[in-house]
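A short worksheet on the structure shown next.
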Amino acid sequence: MKNPFRTEAEAFQFVIVMGLLFGAVALAGVLGDRWVALGVFLALGLGIALGMYMKTEPKVREPAVWDRHRAAPGERKKILVVANETVAGRALRGEIVHRTKEADADVLVVCPALNSPLRYWASDEDGARANAQERLERSLAALAEEGVEARGEVGDADPLQAMEDALRTFGADEIIISTHPPGRSNWLEKEVIAHARERFDLPITHVVVDLEQERAEA
Amino acid sequence: MTSAAHADPHGGHHDGHPPAANRSSRVDARLLGIYFFIASEVMLFGSFFTAYFFARVVVHKGHWPPEPFELPVYLALLNTIILVTSSFSMHWALQSIKRNNRSGLVAGLVLTFGLGLTFLLIQATEYTRLGFAPSDTAFGSTFYGLTGLHGAHVFIGLNLLLYALVRAARGHYGPAPHDHLGVELPGIYWHFVDVMWIVVYTTVYVL
């Protein structure tokens, strides 16, 4: 539900809505009795709460500024890799190595700073960023062992936001998104891949990394 | 918001300045502060309403307010109109600064402050003429508890408005969102106080 006190203007609207609601309740109480007033309060209150819940904000599309940075034909390819805990997974590393052997490419690995909702809202991101940094450094070291020189960044906790942030400075030609297998992936449950394909006009490859299976095989 | 992997993982600084704090890219810390504050206020008022309804519904069970107490419903209605009007003037003040109209901002804040002060003075006058005290039964305790708690919030709101007014008179604030946050936040608080009074008036005075 939308917070009615998000801005002064919304709080002012809320004053008017509450004035009308309680005006109707008072009128019902004066003309009828307290039970009628309670009924009016419940009916109107529920209607207003439902209205606020259903009210969706129009999606504001950001301009596709990353198009300006995209590499011209003949230039080195740019690959953006977005991964969470799977950033050090073998399957993802294999995919990156395969792509860089096909053609010379600059690789940027973005590791979103995954955080709990409470910590996210309280802006307590230090631990999440430190963990993401550690995962990222392990992954970059593993890629370097395979002969792939990649850069890395810790990104926003929201993977779509992290991609958008990265694309503003790194004009990628394609995106590789790595997730856990279906059923265990929070990103797949939130349809991150589908939303990314909707939002970014770039080829997107989805790599599934089963860390449990990789550990069992190791 | 991203940070380069080669940055100092310990957040160290090399230019003599403290490192920038990591924070969510969506919610301004000051705005988050007022959200938490209002959430705590909702809980505070909730506890007072619980006590009020407990005394009224569970303990008393008869006619409310109990004989021989009577409440000045129409005087409180006048106060309600005054306070709701102050929300309009507050909104006008903020809309004025968004359009870079400084005199509108100052006038809106003066009007809001004046209306809020009038509300408090009328409430103080009402208290002196009610004819009962907080110690007179659970009705007196809960009535003074709820309306007094709200009055204290109006008093705090008036202080915030006065602070904003002094700054506005000194030429502070501007049309950019980050330049009038000092008016926006007291405005949010003031509207919250208004909403709480609408609930208090309806439940305590009318029903």
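Before moving on, here are some points about what is shown:
- Residue check for A:L188: touching a strand residue (DSSP E or B) at 6+ places or on another chain (Cβ under 8 Å) and of a type outside the set (D, E, K, R): yes
- Sole residue being away from chain A (no Cβ under 14 Å) and outside any helix (DSSP H, G or I), chosen from B:G148, B:G174: B:G174
- Being facing another protein chain (nearest Cβ under 9 Å), under 20 Å from the mean Cα position of the chain (by Cα) and closer than 12 Å to A:E85 by Cα holds for only one residue in A:A113, A:A132, and it is A:A113.
- The set of residues in region B:190-207 being under 15 Å from the mean Cα position of the chain (by Cα) and either more than 7 Å from chain A (Cβ to nearest Cβ) or of a type in the set (V, I, T) (or both) consists of B:W190, B:V193, B:V195, B:M196, B:W197, B:I198, B:V199, B:V200.
- Residue in region A:150-171 that is touching a residue at least 60 places away in the same chain (Cβ under 8 Å), assigned by TED's automatic domain parsing to the domain that holds A:E212 and of a type in the set (K, R) present: yes
- Scan of region A:116-126 for residues that are surrounded by fewer than 22 Cβ atoms within 10 Å (Cβ to Cβ) and within 10 Å of chain B (Cβ to nearest Cβ), ordered by number: A:R119, A:Y120, A:W121, A:A122, A:S123, A:D124, A:D126
- Restricting attention to region B:135-189, the residues that are surrounded by 14 or more Cβ atoms within 10 Å (Cβ to Cβ), among the polar types (S, T, N, Q) and more than 14 Å from the chain's Cα centre (by Cα) total 3.
- Across region A:198-207, the number of residues qualifying as farther than 16 Å from A:A166 by Cα and out of contact with any Gly (no Cβ under 9 Å at 6 or more places or on another chain) comes to 3.
The values are calculated or read from the model by the stated rules, or taken from the named source; none is laboratory data. None of the values given here were measured: they were computed from a predicted structure. When we count neighbours, we look across all protein chains shown, and the Cβ atoms used for this are built from the backbone with ideal geometry, even at glycine.
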